[in-house]
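**Q** Quick one: the structure is below, questions incoming.
Please treat every number below as a calculation from the coordinates, not as lab data. Note that the coordinates shown come from a computational prediction; the quantities given were computed from them, not determined experimentally. With ideal geometry, Cβ positions are generated from the backbone for all residues, glycine too; neighbour counts draw on all protein chains shown.
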Amino acid sequence: MDNKNIEEIVKKVLESMTGGSVPARGAASQAIPKTARVAKLVEKGRFELQEYPLPEVGDGDILVKVEGCGVCGTDAHEFKNDPFGLIPVVLGHEGTGEIVRMGKDVKKDSAGKDLHLGDKVVTCMIFKDNPDITMFDLNKQNVGGADVYGLLPDDDVHFNGWFADYILIRKGSTVFNVSDLDLKSRVLIEPCAVLVHAVERAKTTGILRFNSRVAVQGCGPIGLICIAVLRTMGIENITAVDGEPKRLEFAKRMGASKTVNFKDYKGIEALAGAVEASFGGHLADFAFQCTGSPVAHANIYKFIRNGGGLCELGFFINGGDATINPHFDICAKEITTVGSWVYTLRDYATTFDFLKRAKGIGLPMDDLITHSFPLEQINEALKTNLSMQGLKIAVINK
Ligand SMILES: [Zn+2]
């Protein structure tokens with residue numbers, strides 16, 4: 001009996017049980033309540049769960065039952081200090097969930113894949129009337145200036161962020177069908193896209209190649225995922241630099257061949273010597289700077305060989321000035337540097353494949369999520385992030 005036959009039989013049995021219509025998979029088959037909760041940041045340091053009627057779903061809209069959402073550094077900054085002036089706001093932009101209702105005009109996702117009730121989705125950015133932003137033409141422009149769910153001021157829809165029971169994906173948003181990825185992978189898509197983009201930026205230098213010697217400085221989630229992306233590209237000569245033995249241990253599990261604890265070395269000469277020794281007496285061909293420390297930025301030039309390359313991606317917020325010596329650090333060594341910021345839509349879609357490949361070669365991606373909290377404990381989730389405990393913190397609804 002082939003699969004098609006089995007599908008037919010299952011369908012018939014289900015029809016006989018339900019009197020005609022086949023229920024959608026998972027949550028889509030459950031009754032959708034009239035009201036649902038959002039976690040709204042009502043003042044600095046305090047989310048409140050608020051209940052609202054679920055909004056009407058327009059012809060181009062999608063109603064998604066939220067399954068989980070990662071806590072981002074951006075959320076933590078907003079929670080603590082409201083630097084973006086968004087309060088009151090429903091945060092959460094690293095979310096994923098299941099389609100439970102959709103308008104009649106919704107047929108395909110932003111990559112052309114079919115969309116059905118029960119499919120698992122993520123969103124990326126919300127298109128504005130900007131003619132320069134078109135799908136998959138975005139390598140010329142990252143999505144830094146675009147709106148995203150979870151960073152929108154509250155409005156009369158309320159279901160605008162992923163720290164909620166439901167979210168309304170409005171017409172004109174990018175949405176991707178990622179039903180073939182498990183929940184943890186889907187929660188990791190957004191931070192992973194940052195690294196897929198950084199490595200794409202690094203490749204534009206022409207210096208990052210198969211078998212390059214690569215130094216990755218900073219082993220928080222960003223540095224660890226950086227190592228993972230490099231490993232999926234066949235780069236295996238990787239030295240991870242950090243000050244925390246636990247993080248360096250994780251870097252090894254992620255595929256770093258050597259680790260250097262900067263606390264073991266006094267002065268930059270000794271530290272650079274350790275990096276050089278880790279590559280068997282060579283400096284790095286390429287380095288990724290994944291910390292938010294200006295001193296770390298200044299140091300990293302010393303790890304790189306003449307003619308080497310550097311990708312700086314650590315500064316999501318202004319961390320202050322770094323002092324470098326342009327003669328020694330850049331000119332005399334002819335170092336090619338690139339900066340990297342968020343991602344393009346193309347990188348976002350590439351990330352789905354990266355996650356499958358990373359798991360395929362046995363990288364411990366799931367272990368990046370060290371803490372998960374139910375929506376009721378959103379305040380604890382944010383506080384845990386701010387206390388720098390663990391790696392990736394997630395709010396998981398089920
Ligand atoms: Zn984020």
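**Q** Sorting 180, 242, 82 on the 10 Å Cβ count, fewest up front, what's the list? Before the final figure, lay out the partial values.
**A** On the way: 180 12, 242 27, 82 15.
Result, fewest neighbours first: 180, 82, 242.
**Q** Please identify which residues in the stretch 266-299 have an amide N closer than 18 Å to a label point set 7 Å out from the Cα of residue 361, following the Cα→Cβ vector.
**A** 285-288
**Q** In the structure displayed, which of 44/383; 80/398; 203/356; 34/120; 246/302 lie more than 18 Å apart, Cα to Cα? Walk me through the numbers on the way to the answer.
**A** Numbers: 44/383 12 Å; 80/398 27 Å; 203/356 21 Å; 34/120 22 Å; 246/302 25 Å.
From 44/383; 80/398; 203/356; 34/120; 246/302, over 18 Å: 80/398; 203/356; 34/120; 246/302.
**Q** Using the 2.2 N^0.38 Å rule of thumb for compact globular proteins, work out how the stretch 187-299 stacks up: its C-alpha Rg over that value, please. Please report the intermediate quantities before stating the final value.
**A** Values: Rg = 13.1 Å, N = 113, 2.2 N^0.38 = 13.3 Å.
Its radius of gyration relative to the 2.2 N^0.38 Å reference: 0.98.
**Q** Which one of 240, 250, 296 has its Cα pushed farthest toward the positive end of the charge dipole of the stretch 192-339, where Lys and Arg give +1 and Asp and Glu give -1 at the Cβ?
**A** Toward the positive end, the furthest listed residue is 250.
**Q** Grab the DSSP H runs of the chain that are 4 residues or longer, score each as -39,500 (n - 2.57), total them, divide by all residues and round the 222 nm result to the nearest 500 deg cm²/dmol.
**A** Numbers: 9 runs with 111 residues, N = 398.
So the helix-based figure for the chain works out to -8500 deg cm²/dmol.
**Q** On to the next question. Taking other Cβ within 10 Å of each residue's Cβ, how do 371, 93, 327 sort, fewest first? Intermediate values should be presented prior to the final figure.
**A** Numbers: 371 17, 93 22, 327 9.
Lowest to highest Cβ neighbour count: 327, 371, 93.
**Q** Work the Kirkwood hydrodynamic radius out for the chain: mean of 1/r over every pair of different alpha-carbon atoms, inverted, in Å. Working shown, then result.
**A** Working: mean 1/r = 0.0445 Å⁻¹.
Value: 22.5 Å, from the Cα pair sum.
**Q** To the nearest 20 Debye, how big is the dipole of the chain about its Cα centre, given +1 on the beta carbon of each Lys and Arg and -1 on that of each Asp and Glu? Mind showing how you got there, number by number?
**A** On the way: 45 positive and 50 negative charges, 192 e Å.
In debye, rounded to 20, the chain gives about 920.
**Q** For residue 107 and residue 318, FRET efficiency with R0 = 35 Å and r from the beta-carbon atoms, rounded to 0.05? Walk me through the intermediate numbers first.
**A** Working: r = 43 Å, r/R0 = 1.23.
Between residue 318 and residue 107 the formula returns 0.25.
**Q** Put +1 on the Cβ of each Lys and Arg and -1 on the Cβ of each Asp and Glu in the chain; which of 53, 32, 270 then has its Cα farthest toward the positive end of the dipole?
**A** 270
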